[in-house]
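See structure below.
The values are calculated or read from the model by the stated rules, or taken from the named source; none is laboratory data. As the structure is a computational prediction, the values presented were derived from the model and not from experiment. Quick reminder, even Gly has a Cβ in these numbers, built from the backbone with ideal geometry, and neighbours come from all protein chains shown.
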Amino acid sequence: MTAYFGLLDAASAKQGDIVFVSAAAGAVGSVVVQVAKAKGMTVIGSAGGAEKCEFVRSLGADHVIDYKSGPIVKSLAAAAPDGIDVYFDNVGGDHLDAAFALARNNARFAICGMIEGYNKAEPQAYRFIMRIIAARIRLKGFIVFDYFPRMAEFYAEMGPWLASGTVKSRETVVEGLESMPDAFLGLFKGENTGKMLIKL
């Protein structure tokens, strides 16, 4: 639901848009990739490492960036030489800055999370933040609870997608409640693909 409404409402994404998704192998990002493809968008997903990048490709992403392979802004410029219309932010940091740099006029950003900076003592510096003005970028932060009154709308479209296999999910399952602290900390290091779950 976070992915669905973040993409389609907070970012006002529509058919034909070029969409950049950070943490595209994660629980939310992987669903953003699939919803965007189901709605006729071009998708650029970012993930860390060959295995996660292959997973994002398997979801239908048109281009996949391995953020561990070099500067994100250069990789995004290669994948989207004409720029992006939508950015779905799960990470903040260098990903958000690259999206500022490559945003087309009137681009829309859905700000869902900024995990890269959650535990940093120093605030992130953004080289390209002034492009918010020049490119007339719209940024909208949101929380999934905002959309609970519209849950029926989400179920009506997502249910058939899940039933048909248009949208798939993957989970990283860690055994035992005693493993919960390590699993939680693993989220900040990108140790999960899809949803991180604890099996009791």
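The selection criterion, being over 16 Å from Ala27 (Cβ atoms) and exposed (fewer than 12 other Cβ atoms within 10 Å of the Cβ), holds for Met130. Here the condition is being in a loop (DSSP other than H, G, I, E, B) and surrounded by 18 or more Cβ atoms within 10 Å (Cβ to Cβ); of Ala125, Ala61, Ala121, Ala101, it holds for Ala61 alone. Scanning the range 184-200 for residues that are assigned to a helix (DSSP H, G or I), surrounded by 12 or more Cβ atoms within 10 Å (Cβ to Cβ) and modelled with pLDDT under 85 returns Gly186, Leu187. Tell me yes or no: at least one residue of the range 131-154 is within 22 Å of Gly60 (Cβ to Cβ), at pLDDT 95 or above and part of a helix (DSSP H, G or I). Checking the range 131-154: at least one residue is within 22 Å of Gly60 (Cβ to Cβ), at pLDDT 95 or above and part of a helix (DSSP H, G or I). So, Ser169, is that one more than 29 Å from Ile72 (Cβ to Cβ), among the polar types (S, T, N, Q) and surrounded by fewer than 16 Cβ atoms within 10 Å (Cβ to Cβ) or not? No. Restricted to the range 104-118, and to residues there that are modelled with pLDDT of 95 or more and on the phi < 0 side of the Ramachandran plot, the residue that is surrounded by the fewest Cβ atoms within 10 Å (Cβ to Cβ) is Asn105.
Of the residues Tyr4, Tyr87, the single one that is surrounded by 18 or more Cβ atoms within 10 Å (Cβ to Cβ) and either over 14 Å from Arg108 (Cα atoms) or more than 14 Å from the chain's Cα centre (by Cα) (or both) is Tyr4. In summary, Gly6 fulfils each of the numbered conditions (1) touching a Cys at 6+ places or on another chain (Cβ under 6 Å); (2) more than 24 Å from Phe145 (Cβ to Cβ) with the single exception of condition (2). Residue-level check: of (1) buried (at least 19 other Cβ atoms within 10 Å of the Cβ); (2) under 12 Å from Val19 (Cα atoms), Gly93 misses just (2). Counting only residues that are without any contact (Cβ under 8 Å) to a residue 60 or more places away in the chain and under 22 Å from Ser75 (Cα atoms), the range 17-46 holds 11 of them.
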